[in-house]
1. Need one number: nm distance between label points at residue 146 and residue 12, each 7 Å from Cα along Cα→Cβ, rounded to one decimal.
2. I need the phi-derived Karplus couplings for segment 175-182: 6.51 cos²θ - 1.76 cosθ + 1.60, θ = phi - 60°, integer Hz, Gly and Pro marked x.
3. Each residue of segment 155-161 in turn: what ³J(HN,Hα) in whole Hz from Karplus with 6.51, -1.76, 1.60 and θ = phi - 60°, glycine and Pro shown as x?
4. Need the C-alpha centroid separation for segment 46-104 versus segment 143-157, integer Å.
5. Semi-axes, largest first, in whole Å: what does sqrt of 5 times each Cα gyration tensor eigenvalue give for segment 40-148?
6. Which ³J(HN,Hα) values in Hz, rounded to whole numbers, follow from the phi angles of segment 81-91 under the Karplus curve 6.51 cos²θ - 1.76 cosθ + 1.60, where θ = phi - 60° and Gly and Pro get x?
Amino acid sequence: MFQKLKMASVAIAILFFLLSLLAVLQFYRFQNLLYEVNSSRISVPAQALKRDVERTLAFGLSLQTNVQLKSMLDQVIEQYPSILSIQLVDTIADSGNIMWESGPPIADPMSFVRAQRRAGKPMWFDASRPDSFIQSWTIKDPIGQVVANLTLSADKSQVVALLSDARAKLFQIWLILCVAVLLILTPILLYLFSRLDQIISSAQAILQGKSVESRTWQSSEICDLATQIVASGNATETKKS
């Protein structure tokens with residue numbers, strides 16, 4: 001009986017592991033979807049602001065002296081409450097000077113510039129910070145040279161709350177499934193292992209020439225095979241004699 005319990009425990013533990021792996025994969029899939037949605041939501045005002053800034057460069061205006069840029073940044077934050085702050089950073093000669101900003105300052109602006117360069121794309125998105133999403137865009141002059149970096153910080157609290165709720169619900173579903181597996185699968189496995197043990201014992205008894213009740217192995221192919229082996233062995237001995 002102990003051996004049967006051990007085998008059933010191993011089977012249930014493997015199933016628990018598979019359920020846990022599935023739950024983790026589903027959670028991270030949901031998390032990545034949320035991040036993609038928020039990145040796209042930030043991209044809408046960011047792209048519009050990027051175009052407006054680059055348009056001022058096309059008109060021959062300087063980013064450092066164009067006071068209108070400050071009102072443009074303020075207008076974006078006012079129109080999109082989820083965006084907390086915006087920085088326009090000078091990247092010429094890697095000075096890292098903040099030319100214009102709106103909202104609370106974002107620490108270490110050059111770190112986003114370096115991350116932007118490593119990404120090698122017009123837009124770089126960072127979701128690793130616990131309290132905010134960071135999205136960074138390159139600003140190019142009319143000849144295609146990168147002259148500035150536009151960095152936006154967006155609120156992450158709503159996404160964190162959704163992820164926390166999803167984690168709790170997913171754990172609840174996982175727990176219900178585990179209990180269901182434990183209550184339903186355990187007796188089934190014990191019955192199957194018990195039947196298998198009876199069939200193996202009957203097959204061994206047949207091979208050893210012992211009598212076995214027909215109901216024990218009536219529907220067992222293993223016992224039928226054992227009977228055929230014994231019968232063929234008896235036939236061979238009869239021919240020899």
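1. 5.7 nm
2. Each residue of segment 175-182 in turn: 5, 5, 5, 5, 5, 4, 4, 5 Hz.
3. Whole-Hz 3J(HN,Hα) from phi for segment 155-161: 5, 10, 4, 5, 5, 4, 5.
4. A separation of 8 Å, based on Cα centres.
5. Taking √(5λ) for each eigenvalue gives 20, 17, 13 Å, largest first.
6. x, 6, 7, 8, 7, 9, 10, 10, 9, 6, 10
Read-outs throughout are calculated quantities, based only on the coordinates presented, and are distinct from any laboratory measurement. Note that the structure is predicted; figures quoted are calculated from it, not measured. In this analysis, Cβ positions are derived from the backbone assuming ideal geometry, glycine residues included, and neighbour counts consider all displayed protein chains.
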